[in-house]
1. How much length, in nm to one decimal, is gained on full extension between A3 and D207, taken as 0.36 nm per residue of separation minus their Cα-Cα distance?
2. Using 7 Å Cα-to-Cβ label points, what is the L42/D94 separation (nm, one decimal)?
3. If I take every Cα pair under 8 Å that is 6 or more residues apart in region 181-283, average their sequence separation and divide by the length, what percent do I get for the relative contact order?
4. With all distinct Cα pairs included, what does the Kirkwood hydrodynamic radius of the chain come out to in Å, to one decimal, could you say?
5. Going by a ≥ b ≥ c, the root eigenvalues of the Cα gyration tensor, does region 181-283 fall in the rounded group (a/c under 1.5), the prolate group (a/b larger than b/c) or the oblate group?
6. How large is the dipole of the chain about the Cα centre if only Lys and Arg carry +1 and Asp and Glu carry -1, each at its Cβ, rounded to the nearest 20 debye?
7. For the chain, what does -39500 (n - 2.57) per DSSP helix run (n ≥ 4), summed and divided by total residues, give at 222 nm, in deg cm²/dmol to the nearest 500?
8. Take the alpha carbon gyration tensor of region 99-199, find the square roots of its eigenvalues, order them as a ≥ b ≥ c, and report rounded if a/c is under 1.5; if not, report prolate when a/b exceeds b/c, else oblate.
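The values are calculated or read from the model by the stated rules, or taken from the named source; none is laboratory data. Fair warning: this is a prediction, and the values are worked out from it, not measured in the lab. For neighbour counting, all protein chains shown are included, and Cβ atoms are generated from backbone atoms with ideal geometry for every residue, glycine included. Note: areas computed on protein heavy atoms with side chains; ligands, DNA, RNA excluded. Shrake-Rupley method; radii C 1.70, N 1.55, O 1.52, S 1.80 Å.
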Amino acid sequence: MDADRLVGLAAIPGLASIEETSDGGLTIGAAANIADIAAHPLVRRRYTALAEAAGGLATPQIRNEGTIGGNLAQRPRCWYYRSPLIPCLKKGGDRCYALAGNTRLLCVTGGDRCYIVHPSDTAVALSSLDARLEIAGPNGRRELPIGEFFAGPGRDLLRENVLEPGELITRISLPADAPERSAYLKVRERESGDFALVSVATALTLDGDGTIGKARVALGGVAPVPYRAVEVEAYLLGRRANDVDSTEAAALALPNATPLPQNGYKLPMAINIVRRALDSVLGTDVEHRN
Ligand SMILES: Cc1cc2nc3c(=O)[nH]c(=O)nc-3n(C[C@H](O)[C@H](O)[C@H](O)COP(=O)(O)OP(=O)(O)OC[C@H]3O[C@@H](n4cnc5c(N)ncnc54)[C@H](O)[C@@H]3O)c2cc1C
Ligand code: SF4
């Protein structure tokens, strides 16, 4: 894909800052680099899933150079889409070449003529932490929850989000009352420099009596957008942490999945890492589990 003009964002003042807000939340400039986010003390302590997602993505070199805005807005990895020789539907062509070819890395839910998965690890973590995105463009600024930013092929085959021409992500906000404990797990083929086959971010708040007051479970690698496992969240919400059966909860992760010919393996993989991620966030709460 050729571009007539390249625009650099790195020199925009303030766009790379990571700052605690006066109410205890955090704002991250879209040009903040991924390694800085992974290393930030407040991110590590309070928004752990984001630190884990940022700290494990791609390679150290990419994390040192890549920005969170670019990570969220990156284009999909489908081999057919990436090949300049293949005019698939997502490039304005007339068919999905993957369907008749190799579907191993594609989605198991949410596909609609196109079956990409969203490649961003940070998007999955931010989806579990109630993040909001600020967007600026020719018509001013607007802010929206991250769940409204990503858009599947059913909405627009050519795009993966709601950015209009000329718009930029400028900031990512994490609220002070985001779920308190969180974790990010990712299954990939290679230890480094590899995208998720399946990933999960779980985030919970336990109330004083050990009841789960907030529950977010987001999956990557399974859908064209970060996928919220709302049935798992409903299972967890209002239940005492001691009473959670993580195997039972995880089994609810992808109730409407319709795998393609070569990616059925993603279902047991997703269920398994949801269970492990739940055990991880619940297992840290020693006093409530006695
Ligand atoms: C070998 C390899 C392995 C990788 N592995 C992973 C992985 O495991 N997990 C993962 O999540 N990512 C992975 N990536 C992707 C990588 O993390 C992203 O490409 C990187 O974060 C992009 O950052 P950038 O700032 O260089 O963005 P750019 O490459 O400059 O931009 C990417 C896209 O986003 C747009 N964009 C950039 N900033 C903004 C903004 N503020 N607002 C709107 N649009 C914007 C650009 O126009 C462009 O279309 C991998 C990449 C490579 C090459
Ligand atoms: S899955 Fe989407 S991007 Fe990949 S070949 Fe099919 S239409 Fe193109």
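1. The A3-D207 span can extend by a further 68.3 nm.
2. 5.5
3. It comes to 27 percent, rounded to a whole number.
4. 19.5
5. Taking the square roots of the gyration eigenvalues as a ≥ b ≥ c, region 181-283 is prolate.
6. The dipole magnitude comes to about 840 debye.
7. -7000 deg cm²/dmol
8. oblate
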